[in-house]
Amino acid sequence: MATGLFNSTYYGKDYRAGAALLRARRPYLFKNALTGLGLVAFTISVYAYTIRAVGQDEFSDVKVPEKSQQKQQ
């Protein structure tokens, strides 16, 4: 008995989406695209905020030694 993708009515033998799958996905296409765009916008905004917040730090309160420490013998 053959099981798997070829028994599905949603995909053809060439692994492309069939008419039934496209018809089943159609009601959710706009909502899924809107959700995807929202997630991408949120991710980019968090990244931009983080880079901007870190870029403002001057590290003026960090003491830098004048000479690098030698290996301790």
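The values are calculated or read from the model by the stated rules, or taken from the named source; none is laboratory data. The structure displayed is predicted, hence computed values, not measured ones. A quick note on method: Cβ atoms are made from the backbone with ideal geometry, for glycine too, and the neighbour counts reach across all protein chains shown.
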Qualifying residue in the stretch 65-73 (condition: outside any loop (DSSP other than H, G, I, E, B) and at pLDDT below 90): no
Residues of the stretch 6-39 satisfying the condition of being at pLDDT below 95, on the phi < 0 side of the Ramachandran plot and aromatic (Phe, Trp, Tyr): PHE6, TYR10, TYR11
PHE30 out of contact with any Gly (no Cβ under 6 Å at 6 or more places or on another chain), surrounded by fewer than 10 Cβ atoms within 10 Å (Cβ to Cβ) and assigned to a helix (DSSP H, G or I): yes
